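Visitor: One structure, pasted below without further comment.
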Amino acid sequence: ATSESEVKALTASFEAAAFSVSRSALGGSDGGGIDVALQALLGDLSKPPEDRSKSWSFGINGIDRLMQGMRGGEFMVLAARPSIGKTTLALNFATNLCRVGAKCLFISMEMSVEQIVQRLLSRISGIHGHHFRSNTFTEEERVRLFDSAQVMSDWDMQILEDFGTTPGRLASMARRASSAMGGLDFIIIDYLQLMTAGGDNKGNREQEISTISRSIKSIAKELSVPVIALSQLSRAVETRGGDKKPQLSDLRESGAIEQDADLVSFIYRP
């Protein structure tokens, strides 16, 4: 008899193989000689900006100047203590990306789809979240609400909630969204510590987080899509005296997060 975990593993391997075949059929490649890679890079650099390999900016000037955008296969960790605003900033990223036509997948393990959509609608309409809770809108606000909903309905965005998901399920959701949307331009995961690795690593939390971060990087490379994963910081930031600016060692249950990520960004209040 085949166990449930073996069935899930087989399903994941079939999905990966199918995606790999479809990518190869579309001209995908896993690499080759350095002369070929150099020719491709120099050819890309010689094109006008609008024809080069896509780099996605966040629409926030200071951040865009520092990062110069994100490209397919890159993995960024956005870390902060609770209630500092990492989900809000990530939703601002998603809003600005969708406005310029990006195909976005937002995977939430903390908030429901309804809560995410409400936050996005509040952001676009400029109507404070308190009005949604109390359902008290002026006539002018209701008009803005429905106009904003119309704008959002044209976005190429999927929002999925899956509490305590595993890397295998995460990869499956990303592949299916990519197939359904004709490719993905961005994935945002909220947040890393709410995932579980399952299998042999269960119970060893640091090892689990290492497995999870490595899997997220693997998904970014496989789908050639930028991935942002939100992360919590340890309480050491709050208890440390003097300057409380976060550092890599403050990543909660850090394991190999800082090794797998191409970029780690912190939000903090001085």
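Values quoted throughout were computed directly from the atomic coordinates according to the rules given, and no laboratory measurement underlies them. Because the structure is a prediction, the values reported are computed rather than measured. Don't worry about glycine lacking a Cβ; one is built from the backbone with ideal geometry, like all the others, and counts go over all protein chains shown.
Visitor: 5 Å is the cut-off here: which amide hydrogens, built 1.01 Å from N in the peptide plane, fall below it relative to F75, excluding neighbours closer than 5 in sequence?
Guide: For F75, the qualifying residues are V227, D262, L263.
Visitor: Can you give the local net charge around F266? Use residues other than it whose beta-carbon is closer than 10 angstrom to its beta-carbon, Lys and Arg +1, Asp and Glu -1. Numbers along the way, then the final one.
Guide: Details: positive: R81, K86, K245; negative: D250.
Local net charge: +2.
Visitor: Taking the highest mean first, how do the peptides 162-173, 129-140 order by number of other beta carbon atoms within 10 angstrom per residue?
Guide: Working: 162-173: 18.0, 129-140: 10.5.
Those peptides, ordered most packed to least, come out 162-173, 129-140.
Visitor: Sticking with this structure for a sec: Rounded to the nearest 20 Debye, what is the dipole magnitude of region 34-178 about its Cα centre when Lys and Arg each give +1 and Asp and Glu each give -1 at the C-beta? Intermediate results must be reported in sequence, preceding the final value.
Guide: Values: 17 positive and 16 negative charges, 62 e Å.
That gives a dipole near 300 debye.
Visitor: With each label point set 7 Å from Cα along the Cα-Cβ vector, what nm distance links Y268 and S153?
Guide: Label at Y268, label at S153, 4.5 nm between them.
Visitor: What does the charge add up to near Q115, with Lys and Arg as +1, Asp and Glu as -1, over the other residues with Cβ less than 12 Å from its Cβ? Working shown, then result.
Guide: Details: positive: R119, R133; negative: E110, E114, E161, D190.
Local charge sum for Q115: -2.
Visitor: Amide H to amide H under 5 Å from L233: which residues, 5+ apart in sequence or cross-chain, H placed 1.01 Å off N in plane?
Guide: A80, R81, R252
Visitor: Treating the beta-carbon of each Lys and Arg as +1 and of each Asp and Glu as -1, no other charges, what is the dipole magnitude of region 136-234 about its Cα centre, to the nearest 20 debye?
Guide: Details: 10 positive and 14 negative charges, 124 e Å.
So the dipole magnitude of region 136-234 works out to roughly 600 debye.
Visitor: Defining a contact as two alpha carbons under 8 Å apart and six or more residues distant in sequence, what relative contact order in percent does region 64-216 show? Write down the numbers at each step before the final one.
Guide: Numbers: 150 pairs, mean separation 47.3, N = 153.
Result for region 64-216 is 31 percent.
Visitor: Right, another one. Filter K54/K103; K103/K217; K86/K221; K103/K221; K86/K244; K54/K86 down to the pairs with a C-alpha to C-alpha distance above 21 Å, please. Present the calculation step by step, with values, prior to reporting the outcome.
Guide: Details: K54/K103 13 Å; K103/K217 19 Å; K86/K221 24 Å; K103/K221 17 Å; K86/K244 17 Å; K54/K86 25 Å.
K86/K221; K54/K86, as the Cα separations exceed 21 Å there.
Visitor: Given R₀ = 25 Å, FRET efficiency for E258-A40 by Cβ-Cβ distance, to 0.05? Please list the in-between numbers first.
Guide: Numbers: r = 30 Å, r/R0 = 1.19.
Efficiency computed from Cβ-Cβ geometry: 0.25.
Visitor: Sorting check: for 181-191, 117-127, which peptide has the highest mean count of neighbouring beta carbons within 10 Å, and how do the rest follow?
Guide: On the way: 181-191: 20.5, 117-127: 17.5.
Most protected by this proxy first, the peptides run 181-191, 117-127.
Visitor: Still on this structure, I have one more. Can you tell me which of 256-267, 101-112, 149-160 comes out highest on packing, and rank the rest after it, using the mean Cβ neighbours within 10 Å?
Guide: On the way: 256-267: 17.8, 101-112: 19.7, 149-160: 15.2.
Result, highest mean Cβ count within 10 Å first: 101-112, 256-267, 149-160.
Visitor: Using a Förster distance of 30 angstrom, determine the FRET efficiency expected from the C-beta separation of E114 and D64, and round it to 0.05. If you can, show how the numbers build up before the last one.
Guide: Details: r = 31 Å, r/R0 = 1.02.
Between E114 and D64 the formula returns 0.45.
Visitor: Okay, next question. Work out the length of the dipole vector of region 46-125 about its Cα centre, built from +1 on the beta-carbon of each Lys and Arg and -1 on the beta-carbon of each Asp and Glu, and round it to the nearest 20 debye.
Guide: Its charge dipole is roughly 120 debye.
Visitor: Compute the signed sum of charges (Lys and Arg +1, Asp and Glu -1) over the other residues within less than 15 Å, Cβ to Cβ, of I124. Present the calculation step by step, with values, prior to reporting the outcome.
Guide: On the way: positive: R99, R119, R123, R142, R144; negative: E141, D147, D154.
My count for the surroundings of I124 gives +2.
Visitor: Follow-up question, since we're still on this one. As an exercise, use a Förster radius of 30 Å and the Cβ-Cβ distance of A180 and K244 to find the FRET efficiency, rounded to the nearest 0.05.
Guide: The pair A180/K244 has a calculated efficiency of 0.10.
Visitor: Quick check: residue separation of K54 and S224 times 0.36 nm, minus the Cα distance between them. What number comes out in nm? Write down the numbers at each step before the final one.
Guide: Details: separation 170, 0.36 × 170 = 61.20 nm, distance 1.10 nm.
Gain in length upon complete extension: 60.1 nm.
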